[in-house]
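Enquirer: One structure, pasted below without further comment.
Coordinate-derived values only; no laboratory data. Treat the numbers as computed from the prediction; the structure is a model and nothing was measured. We place every Cβ from the backbone using ideal geometry, glycine too, and count neighbours over all the protein chains shown.
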C-alpha cells in the first residue's frame, strides 16, 4: 500500500514540475512573440501601410515607383517590410534634395 501511495506522490510531483515548466515556456513564447511584433522588419499589408502613413492606395503605388519600395506579392496581396519602406523613402528624399 505504501508503494502505491509513493508512486502516486511521485506522479503528482512530476505533474507539478511539468506544469511549472510549461508555464515558463509559455511566458518565453509570449515574450518572443511580443518582441517579434515590435521589430521593424515585420511584414505589413498595403492597407496597413496606407493606414500607418495616412495615405491612399494610389499614393502608395506612386511611392512604390518614386522611391523604389520593394514589394512582395502573395497571390493578389502586396506585402512590405516596414524597415524597407522607411529606408527607401529616406534614401529617395536624400536624392531628391540634392
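Enquirer: Which part of segment 5-19 falls in the paramagnetic zone of residue 30, meaning amide N under 19 Å from the point 7 Å along Cα-to-beta-carbon?
Expert: Zone members listed by number: 17-19.
Enquirer: Mean 1/r over all different Cα pairs, inverted: what Kirkwood radius does segment 43-97 give, in Å?
Expert: 11.3 Å
Enquirer: Could you order peptides 47-55, 85-93 by the average number of other Cβ atoms within 10 Å of their residues, highest first?
Expert: 85-93, 47-55
Enquirer: By per-residue mean of other Cβ atoms within 10 Å, what is the highest-first order of 13-26, 57-70?
Expert: My ranking of the peptides, most packed first, is 57-70, 13-26.
Enquirer: Once you put a point 7 Å from the Cα of residue 19 and another 7 Å from the Cα of residue 65, both along the Cβ direction, what distance in nm separates them?
Expert: Output for this residue pair reads 6.3 nm.
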